[in-house]
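Asker: Sharing a structure, written as structure tokens. Questions coming.
The values are calculated or read from the model by the stated rules, or taken from the named source; none is laboratory data. If you're wondering where the values come from, they're calculated on a predicted model, not measured in any experiment. Don't worry about glycine lacking a Cβ; one is built from the backbone with ideal geometry, like all the others, and counts go over all protein chains shown. Surface accessibility is based on the protein's heavy atoms, side chains included, excluding ligands, DNA and RNA. Shrake-Rupley method; radii C 1.70, N 1.55, O 1.52, S 1.80 Å.
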Amino acid sequence: MVSRKQSPQHPNHVVSVRLTNDIIKRLDALADRTSRSRGVYLRSAIIRMLPTLEAEHWSQTSTEYENDFFKQEFVQLTTSLLGDESVEDSVRDD
């Protein structure tokens, strides 16, 4: 397969990943049919999927943060109103 010299302005890094034999066979078949490298399709797949994965992660992270924040605020508020540390213990057990 033909490879071009990498541009010095945009150095690339090698990343190793384990793939199943089935995925490698499919990737190789695609690369052979199109006379392109595995890397072309791996980069394309990552570039296309990364925004979706990032959005899912940030959404989960912000939801967890908000839930933890509200739980902590609830404990502090109920503890100060009731003056009972058992409220704090019972909420933390959940």
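Asker: What number of residues in region 4-40 are part of a helix (DSSP H, G or I) and open to solvent by 100 Å² or more (accessible area, probe 1.4 Å)?
Answerer: Qualifying residue count for the region: 6.
Asker: Of everything in region 41-74, what is surrounded by 10 or more Cβ atoms within 10 Å (Cβ to Cβ), among the polar types (S, T, N, Q) and closer than 28 Å to Ile24 by Cβ? Give them in sequence order.
Answerer: Hit for region 41-74 is Ser44, nothing else.
Asker: Looking at region 35-64, I want the residues that are within 17 Å of Leu19 (Cβ to Cβ) and β-branched (Val, Ile, Thr) and have a partner that is in a helix (DSSP H, G or I) and open to solvent by less than 70 Å² (accessible area, probe 1.4 Å) with Cβ atoms under 8 Å, at least 6 apart or on another chain. Which pairs are those?
Answerer: Going by the 8 Å Cβ cut-off, the qualifying pairs are Val40/Ala31.
Asker: Okay, moving on. Looking for something modelled with pLDDT under 80, of a type in the set (Val, Ile, Thr) and out of contact with any Lys or Arg (no Cβ under 7 Å at 6 or more places or on another chain) - is there at least one such residue anywhere in region 69-87?
Answerer: Yes, there is a match, as at least one residue in region 69-87 is modelled with pLDDT under 80, of a type in the set (Val, Ile, Thr) and out of contact with any Lys or Arg (no Cβ under 7 Å at 6 or more places or on another chain).
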